[in-house]
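Bear in mind these aren't lab numbers, they're just calculated from the coordinates by the rules spelled out. This is a predicted model, so every value here is computed, not measured. As a convention, Cβ positions derive from the backbone with ideal geometry for all residues, glycine included, and neighbour counts pool all protein chains shown.
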Amino acid sequence: MGNHRAGKRERSRGSRPSPVVPTTTLGYTGGGKRRATKPVHAGSRKGLVPGLASVPTAVGAAALLLAAGGAVTLSQNGSAPVDFSQASVRAASSDISAALANRQQAVSRDSRRQALADAADAELQDAADAQLVERDARVQKLALSAQSWADELAKNLWASPLPPGTYRLTARFGQFGLWASSHTGLDFAAPHGTPILAIAAGVVTETGMDGAYGNKTVVTLEDGTEIWYAHQSSYGVSVGDTVVPGQQIGTVGNTGRSTGPHLHLEVRPGAGDPVDPYSALLVHGVTP
Ligand SMILES: [Zn+2]
């Protein structure tokens, strides 16, 4: 059939005379045939090389078998056979893919978590910084307020009129006894010459002998209150002097109407009637 067709083609080419030995007599060869004629059919190769498949590699064979839905089980030296079945390979591949995906997700999760944590840390740090600034401001404000309050308080704090341990109270305000009326002050019995101290800051407005009071010093405070120190044996300040709490203004004596050395202390708000010195001292932080 091939010969017949080839002969027909030769003949159809026309004028050239047929060769002495026609190609058909040389036997049919694919190469010669294809060189001599145009490729008539593309699928001719399969038909031309029947049974001449290339030798497949082991991997290729396994792949072919797998592609065909088969299974290859390899074993070496009696060890557990490695399953290369399509299902197991697909499963392993799927496992690897899943693991990779998980890892990526984990990495992504971790970086996102880290980013969130960093952001949270930054926010917390900012908040903490802001709180510190605010707290510092508050503390400073409080300190200023406390200082001004302390200053104000210090201005109003009084001192004991005699050094601690040098005296004992012998007559309270309002008592009746040696006096024509109730006692107008507080008596501190103490040895002759014991220092008499200013109980509050003020200005000396009077010093001198005053009848029953004996030698007396008057210190007028800023608010107009007068403090009278009586029965002194000596004076330590003069009219016009400014005194501070605790400053010595004289010494204990027995001048005036007195039965023994002592300080008679009076507190006269607004230079008016006397009030209980004991209470006044307590109010200003001194427990006589
Ligand atoms: Zn008295």
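Structure summary
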item	result
Per-residue Cβ neighbour rank within 10 angstrom, fewest leading, 121, 241	121, 241
112, 257 arranged by Cβ crowding within 10 Å, fewest neighbours leading	112, 257
Value of relative contact order over the range 168-283, rounded to a whole percent, pairs C-alpha under 8 Å and six or more apart	30 percent
Distance from the range 175-218 to the range 139-168 (C-alpha centre basis), Å	24 Å
Relative contact order [Cα under 8 Å, 6+ residues apart], the range 214-259, whole percent	40 percent
Inter-probe distance in nm under a simple model that places probes 7 Å from Cα toward Cβ, at residue 259 and residue 132	7.1 nm
Along principal axes, Cα extents of the range 168-283, largest first, whole Å	35, 27, 24
Kirkwood Rh, Cα atoms: Rg over Rh of the range 107-248	1.49
